[in-house]
Amino acid sequence: TGANSTPTTCKQVMVADERHVIAFDCETEANPGVQDPLALRFSDQESVTDWQTTATNTAGELRLSGGSEIVQAVKTRQQIIIFTDTSLYTMQYLGPPYTYGVKAISQNITVRGPKAAIAVDDNVFWMGQAEFYVYGGSVQRLPCTVRDYVFDDINEEQAEKIFAALNAENSEIWWFYPTADSVDNNRYVVYNYLEKVWYYGNLA
């Protein structure tokens, strides 16, 4: 009720620390009802209903230039990290009149799916097409002692089910994934980012 230019389609929704609702992979304001896979829009501050861009509010929209679709957005303590299928962007609050800005920080990257990345403080860990990565100011490949074991036995058709999770108490990132002979996540691989060691196991 009372909604104004609210997106009706999107891949992901997030509330920023500045209290804007952000929709990723959504329709643009000029073309309602047609999903643009590289567009993102944000509401007026502290409003879930006011999305129309005006000179008197902080609503707006941006469009990324790299890749063909937004895959996932992850919020850290300092910024929002946005993955497309080929590029990595940072999204930061600028304040009026622009509200937010985006900056490309890496090209030719991959991410396995819409839940394959996770934030730990100001770092983001994710599973790519054939490597594991971390971003903490720059993109770095994580040396992985079980890389072949993991990537040689993944169901590529079910890769969007891959799910990253944080066990902060034990300094661990977990990825749940389906093996080549499974349509469900039936295995996990764990990275202990404090000790920099890997381990894995099976799920019932």
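Values in this text are rule-based calculations from the coordinates and carry no lab data. Since the structure is predicted, the reported quantities are computational estimates derived from the model, not experimental observations. As a convention, Cβ positions derive from the backbone with ideal geometry for all residues, glycine included, and neighbour counts pool all protein chains shown.
By the rule of a second cysteine Cβ within less than 4.7 angstrom, the chain holds isolated cysteines at CYS144. A simple rule links phi to the HN-Hα coupling: the Karplus curve 6.51 cos²θ - 1.76 cosθ + 1.60 with θ = phi - 60°, which for segment 45-55 gives 4, 6, 9, 9, 10, 9, 10, 6, 6, 9, 6 Hz, with x for Gly and Pro. The ASN202 and ASN4 beta-carbon pair, evaluated with R₀ = 41 Å, returns a calculated FRET efficiency of approximately 0.25.
Under a 5 Å amide H cut-off, with hydrogens placed 1.01 Å from N, ILE105 pairs with LEU88, TYR89, THR90 among residues at least 5 apart or on other chains.
In straight-distance terms, cross-link reach from LYS196 covers every one of the lysines whose alpha-carbon lies under 30 Å from its own, apart from those fewer than eight places away in the same chain; here that gives LYS75, LYS103, LYS115, LYS161. What the phi angles of segment 131-147 give under the Karplus curve with 6.51, -1.76 and 1.60, with θ = phi - 60°, is a coupling list of 8, 9, 9, 9, 10, x, x, 8, 7, 10, 7, 8, x, 10, 6, 10, 4 Hz, glycine and proline written as x.
Taking amide H atoms as placed 1.01 Å from N in the peptide plane, the amide H of GLN72 lies under 5 Å from those of PHE83, each 5 or more residues away in sequence or on another chain.
If you keep only loop residues by DSSP, which chymotrypsin sites (Phe, Trp or Tyr not before Pro) in segment 69-116 have at most 16 other Cβ atoms within 10 Å of their Cβ? Loop-located and lightly packed - TYR98. Near the amide H of THR9, within less than 5 Å, lie the amide hydrogens of GLU27, all on another chain or at least 5 residues away, with H placed in the peptide plane.
The region of the chain that goes longest without hitting one of the trypsin sites (Lys or Arg not before Pro) in a DSSP loop, each with at most 13 other Cβ atoms within 10 Å, is 78-195.
When the charge dipole of segment 1-138 is built from unit charges on Cβ atoms (+1 for Lys and Arg, -1 for Asp and Glu) and taken about the Cα centre, the candidate among ALA130, CYS26, GLY113 whose Cα reaches farthest toward its positive end is ALA130. Between ALA159 and VAL48, the modelled labels are 3.5 nm apart [label points 7 Å from Cα along Cα→Cβ]. Charge dipole of the chain (Cα centre as origin; +1 on each Lys and Arg Cβ, -1 on each Asp and Glu Cβ, all else neutral): 340 debye, rounded to the nearest 20. At what distance in angstrom do the alpha carbon centres of segment 126-203 and segment 51-101 lie from each other? About 27 Å separates the Cα centre of segment 126-203 from the one of segment 51-101. Looking at segment 45-79, the GluC sites (Glu not before Pro) that sit in a DSSP loop and have at most 11 other Cβ atoms within 10 Å of their own Cβ are GLU46. In terms of its alpha-carbon gyration tensor, segment 1-89 comes out oblate; a/c meets the 1.5 threshold, while b/c is at least as large as a/b.
Across segment 180-187, computed HN-Hα scalar couplings (Karplus, 6.51 cos²θ - 1.76 cosθ + 1.60, θ = phi - 60°) run 4, 9, 10, 9, 10, 5, 10, 8 Hz from first to last residue, x flagging Gly and Pro.
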